[in-house]
Amino acid sequence: MTKYADFYRRSLDDRDAFWREQAGLIDWNTPPRQICDYSNPPFARWYLGGTTNLCHNAVDRHLKDRPNQTALICVSTETCTEKTYSFRELHAEVQRTAAMLRELGVRKGDRVLIYMPMIAQAAFTMLACARIGAIHSVVFGGFASASVASRIDDAAPKLIVSADAGSRGGKVVEYKPLLDEAIRLSKHKPDAVLLVDRGLSAMNVIADRDHLWGALRQKHLDAVVPCEWLESNDISYTIYTSGTTGNPKGVQRDTGGYAVALAASMKYIFGGKAGETYFSTSDIGWVVGHSYIVYGPLIAGMATIMYEGLPTRGLDGESNPGIWWQLVEKYKITQLFSAPTAVRVLKKHDPVYLKKYDISSLKTLYLAGEPLDEPTAQWISDALGVPVIDNYWQTETGWPILTIANGVEKAPSKFGSPGIAMYGYDVKLLNESTGEELRGVGEKGVVAIEGPLPPGCMQTVWRDDARFVKTYWETVPGKMVYSTFDWGIRDKDGYFFILGRTDDVINVAGHRLGTREIEETISSHPNIAEVAVVGVADPLKGQVAMAFAVPRDAASVSDDRARLQLEGEVMKLVEQRLGAIARPARVRFVTLLPKTRSGKLLRRAIQAVCEDRNPGDLSSMDDPSALRQITDLVTANR
Ligand code: PRX
């Protein structure tokens, strides 16, 4: 048995002993009395009785050995600024922020919704929440009012922390008016709003509700706010993600299990050592930002980079597709974590940008979030001359399910495959309709995980245990098993290949979007009767959203101008409500949509037609002319 195979087996067969050992990677105030309680499946509780704190592990515990070492590096190629905080400085800022949260009434268990650009204060707020036991809920800054409003209603935050604006490609994106509109739309109203004024756009400050970060911070410059010792199963945060319904799910995470899982992944998967520099190009609004911008690297005692800007702009605000490599050189980055789309963007530019900088500090490039195609992996691997490691996971799991654990034993990567099952994950491929386990090489099945999920994975859906059970654990017949909603196959060496989602989730440039949410928004346009949104393969973004809509008034799309006008209106509506990332690439008009005789939309058939594939068995289809209309439209525009 190889060393990793043994490590992996032990994580499942001798679960408690394995995870007891890993618990030693973090600091506990009280050691856990029990490692795993799975007496009430599928709810797993890790490290019962143990008390700890994420902020302590990310910040305070490094004060002894490395107070002056860099902890946080904030780079913005939008405002052309760079700022660095040592662990000591970060500790001070987090305490100030914690004192501000306290002054605004935030207590243990209260929710704090964070709607912010990639600025230092966003990390301070996350860590400050963790420090005092408040539950943060970061909402991606690219979302617009309706998305923010539904998350406010679900999280019911006492406080919202935001900023005047973000910036993208040199264009100011105002957050405050979007937030005000979101609060107007939501039923739940926060007691207070805390705003960072970056001086990018004028803010309409609402008396009695809005507070300015700068002024409040001044009152707490010398704040000393100790870490609250939390029981391991106390909630650290919720993060919303899309699924099959239009309602986003609040993925809820614990404290102790998450801290251990991140510490272990930094050691075994990412090979991160204290004093090194980690750069993840993601955003704090996504799970990668939580695990591998903020908590993971800091827990490992590394410096972490928060980057605001496009991957193609330089520190002077001018075009520079070499910015990442410039940052590698400047900050001696050792691990870089990004998404395949970003690499595909860089691939379009002259590789000479890559050669301009000294990137000898870089040890590994990690890519995740969407399928990594072989040509992209090969290109970047040749260009950088360092290993490129794909890793597959989900918002729900918080850390990789499939990859290579080079920190346990070096193993080769296979381009096109994210890798093998990680320790703690009992990964199976199951037949979708019978639930039978597929053991054969190349047999296609649903990627599923046998419970209990390892530490760090979601505890439940926020305030909705029933939804957690029903959504994730009851989809495979005859078995209580966690479904990832991804199709996969496995080769003879145990390497998995991911073949796409089994549900209506699409993946645009590494961002996970629910097509239902987009459909609901489009349907709210007064002239749209019905709509289907599908994900269609795209060479750059992996997938793009395509909408096929039935207008109420057919005459309103009788010529090209009218069609473009309505398409523009629909796109604008999506952008205003959900945000630009949800905007479909095209909205095309048809007189009816392909459905089964029982009225179910045949999204998969539409998707197949758009991708020039065989739509498969259409015997249940009601009116074949519906799909023909779409085929004609797509073919005419191919
Ligand atoms: O479909 C899989 C795809 O992204 C989904 C999870 O997205 P999200 O919750 O945003 O979490 C991203 C964490 C990195 C998965 O269900 N996905 C993620 N990573 C990969 C992937 N598909 C193929 N290869 C990957 N490496």
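Quick check on my filter: what residues within segment 39-86 are part of a loop (DSSP other than H, G, I, E, B) and among the hydroxyl-bearing types (S, T, Y)? Outline the logic, then answer.
Here is the first cut: in segment 39-86, the ones part of a loop (DSSP other than H, G, I, E, B) are 41-42, 49-50, 53, 59, 63-69, 77-80.
Matches in segment 39-86: T77, T79.
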Practice item. Please find, within segment 347-370, the residue that is farthest from the ligand (Cβ to nearest atom) out of those that are open to solvent by 10 Å² or more (accessible area, probe 1.4 Å) and in contact with a Pro (Cβ under 7 Å, 6 or more places away or on another chain). Key: Y353
Study note, to complete from the structure: Those residues of segment 373-396 which are open to solvent by less than 10 Å² (accessible area, probe 1.4 Å), within 8 Å of the ligand (Cβ to nearest atom) and in contact with a Gly (Cβ under 9 Å, 6 or more places away or on another chain) amount to N391
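Filter segment 217-235 for residues that are open to solvent by 70 Å² or more (accessible area, probe 1.4 Å) and not in a loop (DSSP other than H, G, I, E, B) and give the result. If you could, list the steps in order and put the result at the bottom.
Looking only at segment 217-235, we keep the residues that are open to solvent by 70 Å² or more (accessible area, probe 1.4 Å), and these are 218-219, 222, 224, 226, 229.
Of everything in segment 217-235, just one residue is open to solvent by 70 Å² or more (accessible area, probe 1.4 Å) and not in a loop (DSSP other than H, G, I, E, B), namely Q218.
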Review point. Any residue at all in segment 547-567 that is open to solvent by 20 Å² or more (accessible area, probe 1.4 Å), in contact with a strand residue (DSSP E or B) (Cβ under 7 Å, 6 or more places away or on another chain) and in a strand (DSSP E or B)?
Key: no
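Identify, from the list T304, T334, T277, T281, the residue that is open to solvent by 20 Å² or more (accessible area, probe 1.4 Å) and either touching a strand residue (DSSP E or B) at 6+ places or on another chain (Cβ under 6 Å) or more than 30 Å from Y240 (Cβ to Cβ) (or both). So that I can check it myself, show each step before the final result.
Details: T304 fails: open to solvent by 20 Å² or more (accessible area, probe 1.4 Å); T334 fails: open to solvent by 20 Å² or more (accessible area, probe 1.4 Å); T277 fails: open to solvent by 20 Å² or more (accessible area, probe 1.4 Å).
After ruling out the rest, the residue left standing is T281.
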Exercise for review: Mind telling me which of the residues G272, G296, G256 ends up being open to solvent by less than 20 Å² (accessible area, probe 1.4 Å) and within 16 Å of the ligand (Cβ to nearest atom)?
Suggested key: G296
Exercise for review: Kindly establish whether T515 is open to solvent by less than 10 Å² (accessible area, probe 1.4 Å), β-branched (V, I, T) and within 9 Å of the ligand (Cβ to nearest atom).
Suggested key: no
Point to revise | Residues within segment 390-438 that are touching a strand residue (DSSP E or B) at 6+ places or on another chain (Cβ under 6 Å), closer than 14 Å to A5 by Cα and not hydrophobic (A, V, I, L, M, F, W, C), tallied | key: 4
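Yes or no, residue by residue, for (1) without any contact (Cβ under 8 Å) to a residue 24 or more places away in the chain; (2) of a type in the set (F, W, Y); (3) assigned to a loop (DSSP other than H, G, I, E, B); (4) more than 19 Å from G105 (Cβ to Cβ):
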residue: L178; (1), (2), (3), (4): no, no, no, yes
residue: I183; (1), (2), (3), (4): no, no, no, no
residue: V193; (1), (2), (3), (4): no, no, no, no
residue: S201; (1), (2), (3), (4): no, no, yes, yes
residue: V205; (1), (2), (3), (4): yes, no, yes, no
residue: A215; (1), (2), (3), (4): yes, no, no, no
Study note, to complete from the structure: Per the filter on segment 457-474, residues assigned to a loop (DSSP other than H, G, I, E, B) and open to solvent by 60 Å² or more (accessible area, probe 1.4 Å) are R463, E474
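If you check D612, D503, which single one turns out to be within 16 Å of the ligand (Cβ to nearest atom) and modelled with pLDDT under 95?
Details: D612 fails: within 16 Å of the ligand (Cβ to nearest atom).
Among D612, D503, only D503 is within 16 Å of the ligand (Cβ to nearest atom) and modelled with pLDDT under 95.
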Point to revise | Residues satisfying the stated conditions in segment 397-432, i.e. touching a helix residue (DSSP H, G or I) at 6+ places or on another chain (Cβ under 6 Å), open to solvent by less than 10 Å² (accessible area, probe 1.4 Å) and of a type in the set (F, W, Y) | key: W399, Y423
Revision key, fill the gap. When segment 397-427 is checked residue by residue, the ones that are modelled with pLDDT under 95 and near the ligand (Cβ under 10 Å from one of its atoms) are G416
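With the requirement that a residue be more than 22 Å from R604 (Cα to Cα) and either within 12 Å of the ligand (Cβ to nearest atom) or surrounded by 21 or more Cβ atoms within 10 Å (Cβ to Cβ) (or both), what does segment 475-494 give you? Let's see the steps before the verdict.
Taking segment 475-494 and keeping what is more than 22 Å from R604 (Cα to Cα), we get 478-482, 490-494.
Correct list: V481, Y482, R490.
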Point to revise | Every residue from segment 1-29 that is among the polar types (S, T, N, Q) and open to solvent by 60 Å² or more (accessible area, probe 1.4 Å) | key: T2, N29
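Here's the yes/no breakdown for (1) without any contact (Cβ under 8 Å) to a residue 40 or more places away in the chain; (2) of a type in the set (F, W, Y):
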| site | (1), (2) |
| --- | --- |
| I404 | no, no |
| G407 | no, no |
| L438 | yes, no |
| K444 | no, no |
| I449 | no, no |
| P454 | no, no |
| W462 | no, yes |
| I498 | no, no |
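Being in a loop (DSSP other than H, G, I, E, B) and open to solvent by 10 Å² or more (accessible area, probe 1.4 Å) is the filter here, so list the residues in segment 100-140 that pass it.
Matches in segment 100-140: L104, G105, R107, K108, G109, D110, M118, I119, F140.
Any residue at all in segment 192-203 that is more than 21 Å from M116 (Cα to Cα) and either open to solvent by 40 Å² or more (accessible area, probe 1.4 Å) or touching a Phe, Trp or Tyr at 6+ places or on another chain (Cβ under 9 Å) (or both)? Steps first, please.
The initial filter retains those residues of segment 192-203 that are more than 21 Å from M116 (Cα to Cα), namely none.
No: zero hits.
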Exercise for review: Tell me, yes or no, whether segment 12-31 has at least one residue that is touching a strand residue (DSSP E or B) at 6+ places or on another chain (Cβ under 9 Å) and assigned to a strand (DSSP E or B).
Suggested key: yes
Exercise for review: Please give the number of the condition A342 fails out of (1) within 18 Å of the chain's Cα centre (by Cα); (2) away from the ligand (no atom under 16 Å from the Cβ); (3) modelled with pLDDT under 95.
Suggested key: (2)
Study note, to complete from the structure: V461 passes all but one of the listed conditions (1) closer than 26 Å to G257 by Cβ; (2) more than 11 Å from the ligand (Cβ to nearest atom); (3) at pLDDT below 95; (4) in contact with a strand residue (DSSP E or B) (Cβ under 7 Å, 6 or more places away or on another chain); the exception is number (3)
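The values are calculated or read from the model by the stated rules, or taken from the named source; none is laboratory data. Please read these numbers as outputs of a predicted model, since none were measured by experiment. Don't worry about glycine lacking a Cβ; one is built from the backbone with ideal geometry, like all the others, and counts go over all protein chains shown. Only protein heavy atoms, including side chains, enter the accessible area calculation; ligands, DNA and RNA are left aside. Shrake-Rupley method; radii C 1.70, N 1.55, O 1.52, S 1.80 Å.
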